[in-house]
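Participant: What follows is a single structure, and I will ask about it in a moment.
The values are calculated or read from the model by the stated rules, or taken from the named source; none is laboratory data. This one's a predicted model, so the numbers in the text were calculated from it and none came from an experiment. Ideal geometry is used to build each Cβ from the backbone, glycine not excepted, and the neighbour counts take in all protein chains shown. Accessible surface is based on the protein model in full, side chains and every heavy atom, while ligands, DNA and RNA are left aside. Shrake-Rupley method; radii C 1.70, N 1.55, O 1.52, S 1.80 Å.
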Amino acid sequence: MDERVDKRETRAIVRYTDVCKSFGDLQVLDHINLAVKPGTVHFLIGASGVGKSVAIKILVGLLGADAGRVELDGVDVTDFDEESFYPIRRRCQMIFQHSTLFDALTVLENVAMPAQKRFRLLRRQAENKARQTLKLVHAENLCDRLPSTLGQGVQKRVAIARALALDPEILLYDEPTTGLDPVAARRTDRLIQEMAHELNLTSLVVSHDLASVQGIGDWVTFLHRGKVHFDGLPAELFASQDETVRGFVHGAGRRWAPKPL
Ligand SMILES: Nc1ncnc2c1ncn2[C@@H]1O[C@H](COP(=O)(O)OP(=O)(O)OP(=O)(O)O)[C@@H](O)[C@H]1O
Ligand SMILES: [Mg+2]
């Protein structure tokens, strides 16, 4: 095993217990159990439509669970109303697949504005905070640029900076490397890992990208047909002889194959 931290023994910061979610006749999540340890990069993988995005939306109250419990740092948030979720959404920042940056604002303004509002800062204070945060994602030289002039990988870094400027404890990434070229994808991976391990930011990453799982995952949960089919270390996933796991990892049409460990 490499130097990645095995934090299995520490408490979970996010815990799902027997979470179920249906839409009409379609049962998407069927008694899902999930425990995310603080400061880890935890991947949630599975085929398209299996319910990965639904699962993370339940954590921040964008969707409600039909049954089961969801806890954040030991607090049961399952029955929270909309208003009670506001502080949860501040603690758990979601980074969406598609850019949600404002095209009319510069990179600096994009990062500074939410922080200014959230912490009631003066504009100059918010811009200082934004500069520091942009430095963390290695984008401090892009302050005056407009998002539309940047590549997708760089826009992703700016979106991560905007989330970081709000001082979250948990980052929820939905497909952070989808649509990026391989160089930008691995750079994004390294950034996710740095944020998790250097800033102790828990990262729950929804992804199809098995190279990311192998490269930076501390833990991986594989959803299949509404259930958790595999929950363990990435190395265990790639070594698994389970037919369904192998089917996903080496699936038809998938060109990627795990590197020898
Ligand atoms: N608000 C909703 N109303 C009705 N059905 C929904 C809703 N949100 C999700 N679904 C359905 O739930 C299932 C799981 O959706 P989800 O978006 O979580 O999949 P996913 O695993 O994230 O897939 P992908 O990898 O393609 O993003 C899909 O069949 C989807 O159509
Ligand atoms: Mg999704």
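Participant: Test of the criteria: in segment 70-102, which GluC sites (Glu not before Pro) are in a DSSP loop and have at most 14 other Cβ atoms within 10 angstrom of their Cβ? Numbers along the way, then the final one.
Facilitator: On the way: sites: 71, 82, 83; in loops: 82, 83.
Sites meeting the loop and neighbour criteria: 82, 83.
Participant: So which trypsin sites (Lys or Arg not before Pro) in segment 118-182 pass both tests, a DSSP loop state and at most 14 other Cβ atoms within 10 Å of the Cβ?
Facilitator: Sparse-neighbourhood loop trypsin sites (Lys or Arg not before Pro): 120.
Participant: To continue, here is another question. Roughly how many Å² is the accessible area per residue of the chain, as a whole number, for a 1.4 Å probe?
Facilitator: On a per-residue basis, the chain sits at 49 Å².
Participant: Along each principal axis of its Cα atoms, how long is segment 14-249 end to end? Whole angstroms, biggest number first, please.
Facilitator: Over segment 14-249, Cα extents along the principal axes are 53, 41, 31 Å.
Participant: Assuming a viscosity of 0.890 mPa s and a temperature of 25 °C, what translational diffusion coefficient in µm² per second does Stokes-Einstein assign to segment 45-166, Rh being the Kirkwood radius over Cα pairs?
Facilitator: Rounded, D is 154 µm²/s.
Participant: Still on this structure: With the full set of protein chains in place, find how many percent of the accessible area of segment 14-249 is carbon and sulfur; take the probe as 1.4 Å.
Facilitator: On the way: 5270 of 10590 Å².
With neighbouring chains kept in place, the figure for segment 14-249 is 50 percent.
Participant: Restricting to Cα pairs below 8 Å that are 6+ residues apart, what does the relative contact order work out to for segment 14-249? Please round to a whole percent. Write down the numbers at each step before the final one.
Facilitator: Details: 438 pairs, mean separation 64.5, N = 236.
RCO, segment 14-249: 27 percent.
Participant: Here's a follow-up. Please check the chain for the longest run free of chymotrypsin sites (Phe, Trp or Tyr not before Pro) that are loop-located per DSSP (anything but H, G, I, E, B) and have at most 16 other Cβ atoms within 10 Å. Spell out each step's value before the answer.
Facilitator: Details: sites that count: 96, 102, 256.
Longest stretch, sites excluded: 103-255.
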